[in-house]
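The values are calculated or read from the model by the stated rules, or taken from the named source; none is laboratory data. For clarity, every value in this text was computed on a predicted model and none was experimentally measured. Glycine gets a Cβ as well: all are built from the backbone with ideal geometry, and neighbour counts include every protein chain shown. Protein only, heavy atoms only, side chains kept; ligands, DNA and RNA dropped before computing areas. Shrake-Rupley method; radii C 1.70, N 1.55, O 1.52, S 1.80 Å.
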Amino acid sequence: MKIHRLFYHRLFVPVTTFLIIITICIPNRVVCEIKDVRIEDDSRPMILFERFGFDQDGHVDLGIKRVSWKSKVSDAQLVPSSMGFFLLRETSYSRIINESEYSENFCVVSSHYVKRIFTFEDLTLKTTYEGTQEIDDPDEYSLVFGNCQPEFAISMDVHTEMYNIEGDKKDFLPAGQTQLPSLYFLFFLVYFCFFASWVHACYKQRETVDKIHVIMGALLVFKAAKMICASEDTFFVKRTGTPHGWDIAFYVFGFFKGITMFTVIILIGTGWSFIKPYLQEREKNLLMLVIPLQVVENIASVVIGETGPAKKDWLTWNQLFLLIDVICCCAVFFPIIWSIRSLREASKTDGKAARNLAKLNLFKQFYVVVVVYLYFTRIIVSAITAVVTYRYRWISPAAAEVASLVFYVFVFYNFQPIERNPYFAIDEDEEAAAAKILEDDNSFEL
């Protein structure tokens, strides 16, 4: 038994560190707060099920059935009090780690810093349990299953409902995220108006509309559709605990929006329809790389959103999602840099230095804006999520959507269909000055 306890102690600290990472660094995505999860032959010392922000009148409904266990050691005896469910605050992680270092026969289920819901001692003869835990101390809690005997692999069906009471109704959205339905609906209206303005602009300049402008319009359609689906998804989760199918529509439109957005960035970066009417072989290959990666990334997003951290492979899907996202974000920079280099080289031979300089400055601005947008939505938003208190967690998606809107406005304004006037009078002094600037410019070299 001492050997098993030592083994548990050695596993506990890294597993607890893992829980800290996934509960702090990985942003929350609103999913169904009524969950049914099947745990199969799992010997992890701690299994995270859900994280939820509670108000004063919060509740956790927990139902367990079909509980079974099997030992990896023939003579091992199960101690029912060493396994059970508990609620854990984020601030308690360091205290529990410290307690595990100095307490003999430490078991996290019995820790002073957890709010225990039940242990296997409370199981009925039919190996089931049903109960409700009221939250009298509002905070953000993680629902965790603790196993202090890792020589036993546990199997069970787990049903959880986490909610706050709003008036006389259940609110299944965490405190700090109840504003999301209205927030997403507001952005739906914004993008709907944006799309109407884009259609109007394209109609006014229909002689100069290219294929890229049609694709940009499709991007606005998918973005608006994703926003209304997110609004309905969170609304039904808030009221009923389940998305009523809106999560499927959200993933579908999110899939098309993701592919279309990266395609638009790459096509604009290559200068397609703006500088040249064709794509070079390397640019086609880049698109053929990014589009399949976006398909895999969206599959990973669905798995992450629908399974939850209780599944063994959930962290692997998170790592895959982050890796692909980084690859796609890096890939979109290459065509922009290629276009900048091509414009600089063309200016030395075609005698149109002034016009090439204007295009060059625009593509440099586009490069900087893409960098800032991707950095903000991937890094800064995650940092905001980790810093703000759970009651203001809605700030993170709001910041991400505001950044996306600013990025879209910049791109659509600067690359809108406009009347081509390539014969503006440019005197020799302006042409010479532009040629000198281009000659001295050595930025964006690869």
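Spin-label model, His59/Phe410: points 7 Å from Cα along the beta carbon direction are separated by 4.8 nm.
Full extension of the chain between Ser382 and Ile215 yields a length gain of 57.2 nm, computed as 0.36 nm times the residue separation minus the alpha carbon distance.
Rolling a 1.4 Å probe over the protein chains gives Thr316 an accessible area of about 80 Å². Per-residue SASA remark: Thr160, around 10 Å² accessible (1.4 Å probe; ligands, DNA and RNA not included). If a spin label sat at a point 7 angstrom from the Cα of Tyr392 along the line to its beta carbon, the backbone N atoms of the range 175-200 nearer than 13 Å would be those of 176.
If the chain linking Cys193 and Asn105 were pulled fully straight, counting 0.36 nm for each residue of separation and taking away their Cα-Cα distance, it would gain 25.4 nm.
Across Lys126, Lys70, Lys223, the residue with the most accessible area heads the list, and the full order at a 1.4 Å probe is Lys126, Lys70, Lys223.
Rounded to whole numbers, the Karplus 3J(HN,Hα) couplings from phi for the range 103-120 are 9, 7, 6, 5, 9, 5, 5, 9, 5, 6, 9, 10, 9, 6, 9, 6, 10, 5 Hz, using 6.51 cos²θ - 1.76 cosθ + 1.60 with θ = phi - 60°, and x at Gly and Pro. Using a probe of 1.4 Å, the accessible surface attributed to Tyr141 totals some 10 Å² when neighbouring protein chains are kept in position. What FRET efficiency comes out for Glu130 versus Thr240 if R0 is 22 angstrom and r is the Cβ-Cβ distance? Round to the nearest 0.05. Between Glu130 and Thr240 the formula returns 0.65. Figure note: His200, His159 ranked by solvent-accessible area, largest first, 1.4 Å probe, ligands and nucleic acids not counted: His200, His159. Taking amide H as placed 1.01 Å from N in the peptide plane, Glu50 has its amide H under 5 Å from the amide H of Leu143, each at least 5 places away in sequence or on another chain.
Here the label points at Lys72 and Thr208, each 7 Å from Cα along the C-beta direction, are separated by 6.8 nm in the simple model.
Ordered by 1.4 Å accessible area with all protein chains kept, Glu33, Glu104 run largest first as Glu104, Glu33. Remark: relative contact order (the range 99-210) = 12 percent; criterion is Cα-Cα distance under 8 angstrom and separation of 6 or more residues.
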